[in-house]
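Colleague: Structure below; questions to follow.
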Amino acid sequence: MSLGRRKFLKKSAVTGAGVALASAAAAPAAQAAGAGEMGKAEVAGKGRGPVKRYSLTVMGTTDLHGHVFNWDYFKDAEYADAQGNAQGLARISTLVNQVRAEKGRGNTLLLDAGDTIQGTPLTYYYAKVDPITAEGGPVHPMAAAMNAIGYDAVALGNHEFNYGIETLRKFEEQCDFPLLGANALDARTLRPAFPPYFFKRFPVKGAPPVKVAVLGLTNPGIAIWDKAYVQGRLTFPGLEEQAAKWVPRLRSMGADVVVVSAHSGSSGTSSYGDQVPYVENSAALVARQVPGIDAILVGHAHVEIPELLVANEETGREVVLSEPLAYAERLSVFDFELVLSRGRWTVESVSASVRNANSVADDPRISRLLKDDHDVVVAYVNQVVGSATETLTTVDARYRDAPIIDLITKVQEDVVRAALAGTEFASVPVIAQASPFSRTSEIPAGEVTIRDLSSLYVYDNTLVAKLMTGAQVRAYLEYSAQYFVQTGAGAVVDVEKVTNAGGRPDYNYDYVSGLSYEIDIAQAAGSRIRNLSYDGAALDDGQQFVLAVNNYRANGGGAFPYVASAKELWSESTEIRTRIAEWVTAKGVLDPKDFASVDWKLTRNGTPVF
């Protein structure tokens with residue numbers, strides 16, 4: 001940790017978290033001058049002598065999710081998609097070098113808006129297989145890469161908490177830049193558990209320095225999605241509330257420019273219903289409601305927004321938002337023009353654009369730095385754990401009951417039954433939930449590797465057992481069935497258009513195993529589940545079931561009814577992905593007759609769609 005960060009933080013007795021000092025006198029020593037030549041630009045004023053101007057460039061990435069190289073660990077090949085995108089921090093480093101060469105390194109700032117240490121086998125390996133938290137453990141590849149590239153500050157994303165606070169704190173310790181989270185508070189003291197902001201001065205020849213403040217905000221959904229790690233330790237109030245608290249402070253501390261790095265999309269929507277009183281994707285709301293912000297680097301939503309202008313309701317000034325595409329596929333570039341007036345710098349204009357990682361090659365410096373880490377993980381994911389009798393694929397798993405998803409539910413059922421053996425719930429029927437996360441996952445016939453199974457379950461979710469009634473399960477299925485677009489009995493069914501109603505993502509559509517049911521897509525949402533039965537008889541609404549469910553859903557992710565409040569019977573910290581690998585390893589042979597079943601089908605007025 002740098003001297004500046006040590007001065008900025010003091011320890012919380014509850015979490016060991018850094019707590020920000022609120023007064024202007026406590027501004028972090030990270031106000032270091034930028035390297036390179038001083039900014040110096042002047043134009044002639046009309047009869048008033050020269051007018052001093054300064055050009056500042058702020059670069060930003062977001063949702064890197066462990067992508068260092070343009071490599072697909074699940075396919076064991078260079079990453080490629082139909083749009084010709086390229087990924088990885090090695091590419092971003094080249095783009096950053098270009099911008100620094102154009103603008104002068106001393107006139108630039110490099111930020112990120114979160115979700116850094118989860119998302120690829122690379123990040124999983126250094127969290128679980130060779131963990132950075134072990135004594136004498138490795139430096140996290142993302143810390144090494146981002147240090148080398150020269151990031152100035154990074155906002156916390158929700159996925160930073162997926163491996164627990166110990167792993168996050170170790171990652172923080174390994175970074176040469178602060179992890180910002182003004183709305184990540186110590187649950188006991190309600191003071192910031194991470195630095196709220198970063199301050200930097202940019203020298204200008206013959207004029208006062210330009211003072212830039214970066215406020216970091218993260219997602220309130222962390223309280224739901226990673227409840228097991230943060231409950232009682234951290235709390236996450238809304239972004240608007242905390243921005244309204246901190247932006248005036250930053251201005252009173254002399255900030256000429258205020259940039260927000262927000263791990264929150266711009267749509268104003270939420271995936272967690274009314275479980276918390278905050279909006280998940282609130283970056284545009286922050287711009288609209290909180291005066292004093294010049295620009296917002298947006299994250300979390302995984303969409304590309306080169307430039308979005310949002311007028312502040314109080315001042316009428318436009319705030320410039322930009323969200324670069326996830327996985328290090330884009331770099332956002334904010335260009336600020338400032339003018340010196342009455343001894344203070346003011347922002348005259350801001351514009352934003354994105355640069356494409358597919359336009360450059362990897363930075364060889366980053367490639368050399370991370371090659372060994374990458375090679376270790378490639379070897380790990382290519383370990384053979386069994387064999388498959390036939391090819392299994394998710395290509396049509398969104399609209400047909402696919403055996404490959406039945407594999408997930410079978411593993412979850414088996415693990416939960418074993419966990420509850422000998423308890424008072426041992427005789428309660430176990431059913432299981434799973435989602436078609438990927439449209440391209442495939443387990444080929446023949447040898448099965450860890451990467452094959454990892455591609456099936458791309459998230460680091462863990463398993464929970466919840467006690468639910470038949471009526472609650474029925475409501476759960478009805479909610480899930482909203483995923484399908486209402487399609488009349490006589491209409492042509494286009495499989496590319498029949499799903500994702502209302503923009504619902506694939507990961508918020510659930511199969512439920514152990515039951516038999518039809519989803520009648522000719523009916524309106526809320527009345528689609530037909531012929532719901534268990535063990536050959538119509539479902540008894542009063543019967544109890546144990547639902548084997550991933551922790552994201554169990555904690556309320558997706559706002560499925562009843563599950564978050566249902567009684568929890570058991571949970572564990574081992575990833576479902578690991579349980580699948582263990583199951584396949586124990587079986588040796590992956591044969592659909594051991595796990596596949598037809599539990600559900602799409603119908604229209606009782607007639608099967610397929």
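Colleague: Do any residues in segment 403-421 that are open to solvent by 10 Å² or more (accessible area, probe 1.4 Å) have Cβ atoms under 7 Å from those of residues that are among the polar types (S, T, N, Q), where the two are at least six apart or on different chains, and which pairs are they?
Modeller: E413/S513
Colleague: Between V286, V290, V258, which is on the phi < 0 side of the Ramachandran plot, in contact (Cβ under 8 Å) with a residue 60 or more places away in the chain and buried (at least 22 other Cβ atoms within 10 Å of the Cβ)?
Modeller: Unique residue meeting the criteria: V286.
Colleague: Only one of S455, S367 is assigned to a helix (DSSP H, G or I), small (G, A, S) and either surrounded by fewer than 20 Cβ atoms within 10 Å (Cβ to Cβ) or touching a helix residue (DSSP H, G or I) at 6+ places or on another chain (Cβ under 7 Å) (or both); which?
Modeller: The unique qualifying residue is S367.
Colleague: Looking only at segment 370-388, which residues are open to solvent by 70 Å² or more (accessible area, probe 1.4 Å) and of a type outside the set (D, E)?
Modeller: Listed by number, the residues that qualify are K371, Q383, V384.
Colleague: Those residues that are open to solvent by less than 40 Å² (accessible area, probe 1.4 Å) and out of contact with any Leu (no Cβ under 9 Å at 6 or more places or on another chain), I need them from segment 261-283; list them, please.
Modeller: Hits for segment 261-283 are G265, S271, Y272, V276, E280, N281.
Colleague: Still on this structure: Got at least one residue in segment 211-227 being open to solvent by less than 10 Å² (accessible area, probe 1.4 Å), more than 20 Å from H300 (Cα to Cα) and of a type in the set (A, V, I, L, M)?
Modeller: Checked against the condition, which is being open to solvent by less than 10 Å² (accessible area, probe 1.4 Å), more than 20 Å from H300 (Cα to Cα) and of a type in the set (A, V, I, L, M), segment 211-227 yields at least one hit.
Colleague: I'd like to check something: does segment 441-463 contain any residue that is touching a Leu at 6+ places or on another chain (Cβ under 6 Å), under 26 Å from D541 (Cα atoms) and of a type in the set (A, V, I, L, M, F, W, C)?
Modeller: Within segment 441-463 (the criterion being touching a Leu at 6+ places or on another chain (Cβ under 6 Å), under 26 Å from D541 (Cα atoms) and of a type in the set (A, V, I, L, M, F, W, C)), the answer is no, since none of the residues qualifies.
Colleague: Hey, T315 hits all of (1) under 19 Å from A223 (Cβ atoms); (2) among the β-branched types (V, I, T); (3) more than 24 Å from the chain's Cα centre (by Cα) but one; which does it fall short on?
Modeller: With (1) under 19 Å from A223 (Cβ atoms); (2) among the β-branched types (V, I, T); (3) more than 24 Å from the chain's Cα centre (by Cα) applied to T315, the lone miss is (1).
Colleague: Another question about this same structure. Only residues that are without any contact (Cβ under 8 Å) to a residue 60 or more places away in the chain and within 18 Å of P121 (Cα to Cα): list them for segment 157-197, please.
Modeller: The answer is E160, T167, L168, F171.
Colleague: Could you identify the single residue in Y534, Y552 that is open to solvent by 30 Å² or more (accessible area, probe 1.4 Å), at pLDDT below 95 and not charged (D, E, K, R)?
Modeller: When all the criteria are applied, what remains is Y552.
Colleague: On to the next question. Which condition does A148 not pass, out of (1) open to solvent by 10 Å² or more (accessible area, probe 1.4 Å); (2) touching a Pro at 6+ places or on another chain (Cβ under 7 Å), if it passes all the others?
Modeller: If we test A148 against (1) open to solvent by 10 Å² or more (accessible area, probe 1.4 Å); (2) touching a Pro at 6+ places or on another chain (Cβ under 7 Å), just (2) comes out false.
Colleague: Which residue out of D226, D294 is modelled with pLDDT under 95 and acidic (D, E)?
Modeller: The conditions single out D226.
Colleague: Output the strands (runs of 3 or more DSSP E) that fall wholly within segment 492-593 and possess 2 or more residues being free of Cβ contacts under 8 Å to residues at least 60 places away in the same chain and in contact with a strand residue (DSSP E or B) (Cβ under 6 Å, 6 or more places away or on another chain), or say none.
Modeller: 529-534
The values are calculated or read from the model by the stated rules, or taken from the named source; none is laboratory data. Source: prediction; values computed, not measured. Cβ: placed from backbone, ideal geometry, glycine included. Neighbour counts: every protein chain shown. Just so you know, the surface numbers come from the protein's heavy atoms only, side chains and all, with ligands and any DNA or RNA stripped out. Shrake-Rupley method; radii C 1.70, N 1.55, O 1.52, S 1.80 Å.
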